[in-house]
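Some notes on the structure that comes next.
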């Protein structure tokens, strides 16, 4: 390198040689610096390319993300809609206390203040949700001093993408008549005191404000009223089993108030004393911890099998009444 520089500077004076020499040294230094920087840059670019290829391969190898179903909420405001259960099951850990009341019929007018001072039926009950979608309950009513154990389970839930278009819930109870045995109440054993109710509830939230449900049910009484015919043979007045169907709906008027209605139609035809259908309308008022319903209808009992089999109130004869349901909820 020295010899080539000397040949290159041959014929120049000392000052020119010094300037040229400085310029050439700078050029050589810059060239060396560029080479020194270029090598790491090339290595960095190479590593970046490798990382990008690996990231693309990893993305291709990843399993597709499975989206969880998003369920429709608040199809109804609570457990009850007038005389029926709704499709709803509260969240896990919910304890609920219920007061249900049915006054007398309004047909007597001012004599008993539209049934408010007539004989009434009342039920006190509570329920708890120990695990998700499963509720147990217990209640007692002054109607024949009956006690009831209940169970409710949400089988299916309506999804927002309509993959599951409806919600489906099972409800059932077992009821015992606890009155003391006497001459007019010839109960033979414990089995004769029992009755049962089972219901399949199918509901859909059609819009944000409007929900509808249909619920076929089956009631069964171990012991039914009977009589002796002309041949002194015992004949039942009603069948032990009874099929009926209920249609109920809710329309939200405001965030805290809804218009509610239900219709109950008996299907089974009995030898005697066929029950009448029920029509009821009312208001549902909801707060964070309370649900209050007040309504008019012609079901005078509270337990569902009693209403479905023994209802003889006739709307055409003004045999309807005022009723209310109050629910108080706590979460544990």
| task | Collect the residues in segment 292-301 that are closer than 20 Å to residue 225 by Cα and surrounded by 22 or more Cβ atoms within 10 Å (Cβ to Cβ), keeping them in residue-number order. | result | 300
| task | Determine which member of the set 261, 226 is surrounded by 15 or more Cβ atoms within 10 Å (Cβ to Cβ) and in the same structural domain as residue 310 (by TED's automatic domain parsing). | result | 261
| request: Please enumerate the residues belonging to segment 162-194 that are over 15 Å from the mean Cα position of the chain (by Cα) and within 17 Å of residue 84 (Cα to Cα). | output: 172, 173, 174, 175
| query | Of everything in segment 278-317 that's assigned to a helix (DSSP H, G or I) and touching a helix residue (DSSP H, G or I) at 6+ places or on another chain (Cβ under 8 Å), which residue is nearest to residue 101 (Cα to Cα)? | reply | 306
| task | Go through 275, 216 for me and flag whichever is touching a helix residue (DSSP H, G or I) at 6+ places or on another chain (Cβ under 7 Å), under 24 Å from residue 201 (Cα atoms), in the same structural domain as residue 176 (by TED's automatic domain parsing) and at pLDDT 95 or above. | result | 275
| said: Suppose we filter segment 318-332 for residues that are in a strand (DSSP E or B) and either surrounded by fewer than 23 Cβ atoms within 10 Å (Cβ to Cβ) or out of contact with any helix residue (DSSP H, G or I) (no Cβ under 9 Å at 6 or more places or on another chain) (or both); how many remain? | reply: 10
| remark: Quick count over segment 103-133, residues being loosely packed, with under 13 Cβ neighbours inside 10 Å and either touching a strand residue (DSSP E or B) at 6+ places or on another chain (Cβ under 9 Å) or at negative phi (or both), is 8
| request: Look at residue 245 and say whether it is assigned to a strand (DSSP E or B) and within 18 Å of the chain's Cα centre (by Cα). | output: no
| task | Look at residue 100 and say whether it is at pLDDT 95 or above and either loosely packed, with under 14 Cβ neighbours inside 10 Å or out of contact with any helix residue (DSSP H, G or I) (no Cβ under 6 Å at 6 or more places or on another chain) (or both). | result | yes
| said: So in segment 165-212, with the set limited to residues that are touching a residue at least 40 places away in the same chain (Cβ under 8 Å) and more than 15 Å from residue 248 (Cα to Cα), which one is surrounded by the fewest Cβ atoms within 10 Å (Cβ to Cβ)? | reply: 208
| task | Hey, can you tell me all the residues within segment 137-178 that are in contact with a helix residue (DSSP H, G or I) (Cβ under 6 Å, 6 or more places away or on another chain) and part of a strand (DSSP E or B)? | result | 176, 177
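The values are calculated or read from the model by the stated rules, or taken from the named source; none is laboratory data. Note that the structure is predicted; figures quoted are calculated from it, not measured. Positions of Cβ are generated from backbone atoms using ideal geometry, with glycine treated the same way; all protein chains shown enter the neighbour counts.
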